[in-house]
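Asker: If you scroll down you'll find the structure; I have some questions about it.
The values are calculated or read from the model by the stated rules, or taken from the named source; none is laboratory data. Small disclaimer: the values here were computed from a predicted structure and weren't measured. Using ideal geometry, Cβ is built from the backbone for each residue, glycine included, and neighbour counts are taken over all protein chains shown. The area values use the complete protein model at the heavy-atom level, side chains included, leaving out ligands, DNA and RNA. Shrake-Rupley method; radii C 1.70, N 1.55, O 1.52, S 1.80 Å.
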Amino acid sequence: MGIARTIGQRIPVSLGERSYDIVVEPGVSVSIGESLRNLRLTGKIGIVTDRHVARHYLKRTADSLKQAGLEPVPIVLPPGERSKTLATIARILDVLARHKFERRSMLLALGGGVVGDLAGFAAAIYQRGIPFVQVPTTLVAQVDSSVGGKTGVDHVLGKNLIGAFHQPRAVFIDPDTLRTLPRREWVAGLAEVIKYGIIADESFFSFLEESMPGLLKLEESAVRQAIVRSCEIKAQVVAEDERESDRRRILNYGHTIGHALESLGGYRGLIHGEAVGIGLVQEADLAVHLGVCERDVVTRIRRLVQAAGLPDRMPTTSFSALWQAMQHDKKVVGGKVVGVWPVRIGEVVIRSLEQQACADWHRTLQTNGPNRSSKRVRRIRGGGRRHK
């Protein structure tokens, strides 16, 4: 069902009866109750959020829902990737059952990617599926994880190994919420934005090269353009391949190595966008080794990643540990790691990665001094938060 109001920029995600809109509008989170009433969603609504986001946005969200005749039930979780577990899902389900949520009740994901994945997965399995909406408050969530219906939790052996496809009824993006993000989280989100230019739109990549100083200063027009174009690309890819059987895999560029590094760090060191930033550069470097692209592609990607303030160097790790972590990724098919490799800026190919080829590439890192940086590794070991 479409959204009745026309204020703000709407981006359709065309999936037949599961279609919905992404609304990008400053201040939309303040009037979320009205937006949900226009979607004809009524009754109990569980607000899934974390402690950091709750301090800024929980009260005003709950007040807006009450004014629209809805019954908000706050579900406040510990922040961070380490909350993405089945135990947290059980905690959410306990609240829903205790408050007698029905199939016409719904969930609202108010927060970053972790909150969205948890709320979406809980909505997918409670009473075999109830509606949910996304109100993402981090850049990573706004341009990537809130769109497309991927939900789930991590396993000790890999990221996002347990989950379901469950499309939201709508995604409401308020760029103003980005102003409460710690700078580290804002910068980390730029990795996903850069990814879209690499996989699908060279002109967008050029825009990012020109506009990175403005983006880092949170200039409104640059931020809005980056969010809208990223969502347009994500929506188009998801519409073409909802269940990631083919084309949607291109969205995983940078994530094969990125997810492995997150897993190896026990989800304590690198935050997601930082790991993806490394993956964007290192998977391009691996693509050169595989003969897929030229060195100038890596150079251009590295410069933009560095300009964004993201880490681009591989931390010290053994090949066996790296390969084992990559093997536990959900993108493994028939025991083979399926990677996404840039041919040029704006075009990628999907190919499996042989262990020996990856080992040969990893060996080159041992003798390639510029691909290592103790400064970057120290940064990787730091912690992070979702909102100030």
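Asker: Which of the residues that make up segment 264-282 are assigned to a helix (DSSP H, G or I), within 16 Å of the chain's Cα centre (by Cα) and not β-branched (Val, Ile, Thr)?
Answerer: HIS272, GLY273, GLU274, ALA275, GLY277, GLY279, LEU280
Asker: Now for a separate question. Which ones in segment 176-202 are open to solvent by 20 Å² or more (accessible area, probe 1.4 Å), in contact (Cβ under 8 Å) with a residue 60 or more places away in the chain and farther than 19 Å from GLY277 by Cβ?
Answerer: Within segment 176-202, ASP176, THR180, GLU202 qualify.
Asker: Quick check: is even one residue across segment 181-197 part of a loop (DSSP other than H, G, I, E, B), of a type outside the set (Lys, Arg), at pLDDT 95 or above and over 24 Å from LEU264 (Cα atoms)? Break it down into steps so the answer makes sense when it comes.
Answerer: To start, the set of residues in segment 181-197 that are part of a loop (DSSP other than H, G, I, E, B) comprises 181-182.
The next check asks that each one be of a type outside the set (Lys, Arg); those that pass are 181-182.
Of the ones still in play, those that are also at pLDDT 95 or above are none.
Checked against the condition, which is being part of a loop (DSSP other than H, G, I, E, B), of a type outside the set (Lys, Arg), at pLDDT 95 or above and over 24 Å from LEU264 (Cα atoms), segment 181-197 yields no hits at all.
Asker: For segment 114-162, what are the residues that are outside any helix (DSSP H, G or I), open to solvent by 10 Å² or more (accessible area, probe 1.4 Å), closer than 19 Å to VAL238 by Cβ and touching a His at 6+ places or on another chain (Cβ under 7 Å)?
Answerer: GLY129, THR151
Asker: May I ask you to say which residue of ALA260, ALA239, ALA235 is surrounded by fewer than 19 Cβ atoms within 10 Å (Cβ to Cβ) and in a helix (DSSP H, G or I)?
Answerer: Exactly one of ALA260, ALA239, ALA235 is surrounded by fewer than 19 Cβ atoms within 10 Å (Cβ to Cβ) and in a helix (DSSP H, G or I), namely ALA239.
Asker: Do we find a residue being among the basic types (Lys, Arg) and at pLDDT 95 or above anywhere in segment 331-341?
Answerer: No, every residue in segment 331-341 fails to be among the basic types (Lys, Arg) and at pLDDT 95 or above.
Asker: Another question about this same structure. If we only count strands (runs of 3 or more DSSP E) wholly inside segment 1-113, which ones have 1 or more residues that are farther than 22 Å from GLU192 by Cβ and charged (D, E, K, R)?
Answerer: Strands (runs of 3 or more DSSP E) meeting the threshold: 44-50, 71-77.
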